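What follows is one structure encoded as structure tokens, with my remarks underneath.
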Amino acid sequence: MDVHSSNINEERVNIIADLLSKLGFDVIAKFDTFEPEYRVLKILHDRGVTPPYLGLIAVCAGVIDYQLRAGGSDKFWATLLETARSYQDLNSVSQVEKLMEKFLSKRINSIKYKDKCSRIKSIFESGLASEIVENYDEIRKQPGLLWEKLASDISKMGKASDIRRKMSEKTVVVAIKAFDISHFICFGDYVELPGDIPIPVDFHVKQVTISAGLLEEYGSDDEFRKAWRMVFEKVREKIRGNINLLRLDSIVWQIGKIMYKNAYDRDLSVMEITDYLSGCIGVDRELTEKLAQELTWFIEKAKSYSENNKGRR
């Protein structure tokens, strides 16, 4: 399908991209510090987990961050931290493997438990875990290698043999994002990811996409990816810094949570988004209000979808 899909509203793409670009790189990067994985990985690093093992933990958690019980990703990462308290030293592959095995037994991971166990088992039995640690410096300089190898590992477990397709899968991209954030925590900057890494498409991303008017209606995951790719390309033209779509994902996901919390009520969502962006993130109030308004312009469409698809997330 051509990137200029008739389902993608290019006028809305331009409006959202223009507002996001006005945030600037430093503000956009600040959203990452409010992601649930950032807080947990930061605490583990402060407790002495070294960069290679922090990266390994990030990747392992990322590939099983799906189909969660109540509490979602916030509860998921908080439970990982709670589980890690049982381990005095996580600077070995065997200890990280034991951590993940224990973490898998927690209720937050009970849905798709066998699939998640298979994913973690594959990472360690394939040698990928050891490779991440032993070749960490090479991998952090060429993270595209990790992205491809992780997708390859997971593709061997299922029916899909198309590596490129697996590289776009939400959990694979989430794992790479977690690795990227772990690198930011350790070194103060992001890895140089390939420019084609997509936004990880989940419920919140879909809802914000519709609410912002980027898509006229719900479509395939590829359409959601392409809509945000178009936004990103325009943002990248206007700001400096090591930016990729994973940075925009943090913004979109956090805004989506606020909309969901407020049951897609526009007035409540605009008010809370404005307070959040100006208070927590430190965005200029006038820009914040414009962004909140534009991201909720078609929120009734998102609300309708949410009400018609309860229990299908």
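The values are calculated or read from the model by the stated rules, or taken from the named source; none is laboratory data. What you see is a predicted model; the values in this text were computed from it and never measured. Every residue, glycine as well, gets a Cβ built from its backbone with ideal geometry; the counts of neighbours run over all protein chains shown. Just so you know, the surface numbers come from the protein's heavy atoms only, side chains and all, with ligands and any DNA or RNA stripped out. Shrake-Rupley method; radii C 1.70, N 1.55, O 1.52, S 1.80 Å.
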Problem set entry | Linear extension gain, Trp297 paired with Glu216, 0.36 nm per residue minus alpha-carbon span | 27.9 nm
Exercise. List the trypsin sites (Lys or Arg not before Pro) in the range 178-248 that DSSP assigns to loop (not H, G, I, E or B) and whose Cβ has at most 13 other Cβ atoms within 10 Å. Which are they?
Worked result: Arg240
Exercise. Ordering Cys60, Cys117, Cys280 by how much accessible area each has at a 1.4 Å probe, largest first, what is the list?
Worked result: Cys280, Cys117, Cys60
Problem set entry | Alpha-carbon radius of gyration plus Dmax, which is the widest Cα pair, for the range 131-263 in Å | 15.5, 47
Exercise. So what is the relative contact order for the range 209-313, in percent, with contacts set as C-alpha pairs under 8 Å and at least six apart?
Worked result: 36 percent
Problem set entry | Sulfur and carbon atoms: percent of accessible area, the chain [1.4 Å] | 46 percent
Exercise. Which GluC sites (Glu not before Pro) from the range 128-231 combine a DSSP loop assignment with at most 10 other Cβ atoms within 10 Å?
Worked result: Glu217
Exercise. Excluding ligands, DNA and RNA, what is the solvent-accessible area per residue of the range 203-313 at a probe of 1.4 Å, expressed in Å²?
Worked result: 45 Å²
Seminar exercise, completed: The orientation-averaged projected area of the Cα convex hull of the chain, in nm², is 15.0 nm²
Seminar exercise, completed: Sorted by chain and number, the residues with a modelled amide H under 5 Å from that of Asn9, at a separation of 5 or more or across chains, are Leu215, Glu216
For this session: Give the relative contact order (percent, whole number) for the range 83-182; include only Cα pairs under 8 Å separated by 6+ residues.
Result: 17 percent
Exercise. Using only helices, what value at 222 nm comes out for the chain when you add -39,500 (n - 2.57) per DSSP H run of length 4 or more and divide by the total residues, to the nearest 500 deg cm²/dmol?
Worked result: -20000 deg cm²/dmol
Problem set entry | Cleavage-rule hits (GluC sites (Glu not before Pro)) in the range 1-97: DSSP loop, at most 14 neighbouring Cβ within 10 angstrom | none
For this session: Averaging sequence separations of C-alpha pairs under 8 Å and six or more residues apart, then dividing by the length of the chain, give the relative contact order as a whole percent.
Result: 25 percent
For this session: With θ set to phi - 60°, apply the Karplus curve 6.51 cos²θ - 1.76 cosθ + 1.60 along the range 280-291 and write out the HN-Hα couplings as whole Hz, x wherever there is a Gly or Pro.
Result: 7, 8, x, 7, 3, 4, 5, 5, 4, 5, 5, 5
For this session: For the range 66-178, just list the percent of Cα-Cα distances falling in each 10 Å bin from zero outward, please.
Result: 13, 42, 39, 6, 0
Problem set entry | Given charges at beta-carbon only (K, R positive; D, E negative), |dipole| of the chain in Debye | 1020 debye
